[in-house]
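To start, the structure itself, in structure tokens.
Nothing in this text is a laboratory measurement; each read-out follows from the coordinates by a stated rule. Since this is a predicted model, take the numbers as computed values, not measurements. Heads up, the Cβs are rebuilt from the backbone with ideal geometry, glycines too, and the neighbour counts pull from every protein chain shown.
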Amino acid sequence: MTPVFDLTNESAGYRGATVLTGVTLRVTTGERIALVGESGVGKSTLLRLLYGQCRDRASLIPQEFGLVQSLTVFHNVYMGQLHEHSLWRNFRNLLRPVQQDVEAVRDVLDGLRLEDKLFSTVGELSGGQQQRTAIGRALYHTGDIVLGDEPVSNVDEHQARRILKILGERKKTCILAMHDRALALDFADRLIGLKGGQIVLDEPTAGMTPDDLDSLYVH
Amino acid sequence: MDSPRPRSPLFKTTMAFVLIALAATIFADLEISTIHPWVELKRLLLGVVTPDFYATDNLGGALVYTLAFALLGVAFGNIFGFVLSLLFFSRIVRTGCAFVRSVHELFWALIFLQLFGLSPLTGILAIGIPYAGIIAKVYAEILEEADPAPLQAIPEGTSRASAFIFVRLPDAWSHFKTYSMYRLECGLRSSAVLGFVGLPTLGFHLESAFSQGLYSEVSALLILFYFIIASMRVWMRRAMLPFYLVGAAAILPWGLSFSAENIWRFLTHDIVPYPLRTADGGDVMANMGAWLHTMLIDQALPGAIATMQLTMIALVGTGLLTLVFFPLISPLLFKRPARTLGHAFLVVIRSTPEYILAYVLLQLWGPSMLPAIIALTLHNAGIIGHLVGRYTETIKLRVDACTGIRRYGYEILPRIYRQMLALLFYRWEVIMRETAILGILGIMTLGFYVDSAFADLRFDRAILLILVTALLNIAVDIISRRIRSRLRLQTSMEVQ
């Protein structure tokens, strides 16, 4: 399989401070990876590092969603394909959505149970609805890689499983930071654990139990 | 013995400004020179309470023209201001904007009158050009504050224009709308004042009614003007805007023609310093030196001193009066009925252009600094008092907080003082621009010399004096920004 990422002994930081050191990581197309570890350990930094390497074919679901608050759900999801359309088409959609694009966005939202909020302003939505909008934007992006920073943290478990299933179906390669260990193990086929700014665990999930991850959270 | 608590920088700055203002007041001419100032005031007040809406058939026309110039001028300023705000990263654009907004609308009008006569273009450009400079700056700041997080999530390869309209513009848009409404309110005041230099707006009819002592008509004009401003949120609808703009353009008297030759002569000949354009040999430099000496030492210098003197008195006066005005609308100090009255009072005084206020007082008391000080202080304290009063609505007092004058002094004043100083320093430059303009009414500020130069058709002198005024204004703006950053004074409220 072709590698999507190939990092050797990389370091990365955030606002001038080094967060990650000695990261060696090889990811191939089709893998489903869960990133686990305590908050502040560098999951977001690792995701940003990976995203920087494949911006042209990956979509990112940031932890804080990165939505434009004053636009509707339709517009925010449509932004996933902003680069595929002409400026004129984008402008037209801003003023008065084009039917064809509305249908395409509606298809994406169907699976996320957000279709009734299509033309609601994002700023008026709940946290969970906003998060699903950000997922919709990533799904609408035509790239086959998705990078998500706690993408299902604001929805209930039942919904989380459904959304993860959709992500897995629509995108070939998924790398998601997750704090729910059981969910992570169910979803991923490979698990990467971070501790102290380094990768300390990188194994297939087959046969693992949530308790096996305890060492990541113990000082 | 305990060492005394060091004076705070806030206190020191306040004291310095108060002392400067006191010194300026000592040397100020505050004389009331009319013979029967109070009799006339009584007649005026009588007129105010007996408005006559049928005194003239010009009433409707005056208001419609005032509206038309304001709408078109603000629309012009908005469009160009927006475009310029996108180019605000360029130093040339920033400097250019700083320059055009440092020249008052009335000065622009005096210049355009020479170019286009009484054509509507004069009024539209006089409002539109300085407004474009102000709007560009404010819009650039708004765009800068847009949330950058969505930018990181948009796909690679998105064009800058697409990213701009989807990420930056939407969040800025509602701020643009709010600010445009505020600008339109300012535009109505500017438009009204343009009547004083001959355009057919409110000021024109006000001046003629006033000079004939028709105070009931003056009162009717002003009451209708307040009504238009107070009801702006009702009639100003986005769907109606195109109709308003087309209507405004349709009713203005475009028939008045102007000659290209005239414009060309003004730009290439009339505004060139006299010694240069009459150069006939050797001593051009000497003549130019003498000309500059006359202009700078005999006119610009005394004009600038008087302008600064009046500005400082008005600035500190505004601060003092704000302390009296803001409680009138503060829910922490007054109950609703009293506050409603306070609101009405502040709306009236801040909707009256300081130029009109100064004009009225000047007619009553004769030309000295007194009418100007009172006009500037009242109008600006009305604006800042309103903003500070609204700010107190966000203050949460503990349940057992003291009441009355103690609450004012111990609970509220310390909380609003920074905010108030920030607003005053923002307003400083605006007050200065207005002070210069009041010279047209006969007070010896820079506007007086500019107006005299225009009256004598000495356009080279007028332009030089306007440049001096603009530079002085930019200097005050820079000093104000330094003080604000040194004292870390910031405000989220618009007072441009």
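How far, in nm, would the chain grow between B:His36 and B:Ile223 when pulled straight, counting 0.36 nm per residue and subtracting the alpha carbon separation?
64.7 nm
Cα to Cα, under 28 Å, and not fewer than 8 places away if on the same chain: which lysines meet these conditions relative to B:Lys335?
Partners found: B:Lys396.
Counting residues in the stretch B:199-314 as N, plug N into 2.2 N^0.38 Å and put the Cα Rg over that result.
For the stretch B:199-314, the normalised Cα radius of gyration comes out at 1.75.
By per-residue mean of other Cβ atoms within 10 Å, what is the highest-first order of A:174-183, B:254-263, B:168-177?
Going by the mean number of other Cβ atoms within 10 Å, highest first, we get A:174-183, B:168-177, B:254-263.
Straight-line reach from B:Lys137: which lysines have a Cα under 28 Å away, not including same-chain ones fewer than 8 places off?
Within reach: B:Lys177.
Grab the beta carbon distance between A:Thr142 and A:Arg96, set R0 = 25 Å, and tell me the FRET efficiency rounded to 0.05.
0.60
Amide H neighbours of A:Arg190 under 5 Å, at least 5 residues apart or on other chains, H built in the peptide plane: list them.
A:Arg32, A:Ala34, A:Thr205
What is the mean number of Cβ atoms from other protein chains located within 10 Å of the Cβ atom of each residue in peptide A:79-88, rounded to a whole number?
5
Determine by what factor the alpha-carbon radius of gyration of the protein assembly as shown differs from 2.2 N^0.38 Å, reporting the quotient.
In units of the globular-protein estimate, the protein assembly as shown measures up at 1.21.
Considering the Cα trace of the stretch A:110-219, what is its radius of gyration and what is Dmax, both in angstroms?
Cα only, the stretch A:110-219: 15.3, 47 Å (Rg, Dmax).
Show me the ranking of peptides B:304-314, B:341-351 by mean Cβ neighbours inside 10 Å, starting with the highest.
Highest to lowest by the protection proxy: B:304-314, B:341-351.
Can you compute the FRET efficiency between B:Ala23 and B:Ser208 using 1/(1 + (r/R0)^6), with r the Cβ-Cβ distance and R0 = 41 Å? Round to the nearest 0.05.
Here the calculated transfer efficiency is 0.55.
Sorting B:Cys97, A:Cys54 on the 10 Å Cβ count, fewest up front, what's the list?
Ranking B:Cys97, A:Cys54 by Cβ neighbours within 10 Å, fewest first, gives A:Cys54, B:Cys97.
In nanometres, what is the gap between the two model label sites at B:Trp173 and B:Asn262, each 7 Å from Cα along Cα-to-Cβ?
Those two pseudo-labels are separated by 4.4 nm.
What FRET efficiency comes out for B:Leu118 versus B:Arg481 if R0 is 30 angstrom and r is the Cβ-Cβ distance? Round to the nearest 0.05.
Computed FRET efficiency for B:Leu118 and B:Arg481 comes out at 0.20.
About its Cα centre, what dipole magnitude does the stretch B:359-426 give when the only charges are +1 on Lys and Arg Cβ and -1 on Asp and Glu Cβ, stated in debye to the nearest 20?
Here the size comes out at about 240 debye.
With each label point set 7 Å from Cα along the Cα-Cβ vector, what nm distance links B:Phe345 and B:Leu296?
Roughly 4.8 nm, to one decimal.
Nearest 5 is fine: what % of DSSP beta bridges in the protein assembly as shown come out antiparallel, could you say?
Roughly 45 percent of the beta bridges in the protein assembly as shown run antiparallel, per DSSP.
Would you tell me the mean number of C-beta atoms belonging to other protein chains that fall within 10 Å of each C-beta in A:54-61, as a whole number?
If you average over the peptide's residues, the count of other-chain Cβ atoms is 3.
Under the Karplus relation 6.51 cos²θ - 1.76 cosθ + 1.60, θ = phi - 60°, what is the ordered set of whole-Hz ³J(HN,Hα) values for the stretch B:189-198, x standing for Gly and Pro?
So the Karplus estimates, Gly and Pro as x, are 5, 4, 4, 4, 5, 4, x, 5, 9, x Hz.
Residue by residue through the stretch B:81-89, what is 3J(HN,Hα) from phi via Karplus (6.51 cos²θ - 1.76 cosθ + 1.60, θ = phi - 60°)? Round to whole Hz and write x for glycine and proline.
Karplus values, whole Hz, x for Gly and Pro: x, 5, 4, 5, 5, 6, 9, 5, 5.
Based on the mean of other Cβ atoms within 10 Å per residue, sort peptides B:472-485, B:66-79, B:83-96 so the most packed one is first.
Going by the mean number of other Cβ atoms within 10 Å, highest first, we get B:66-79, B:472-485, B:83-96.
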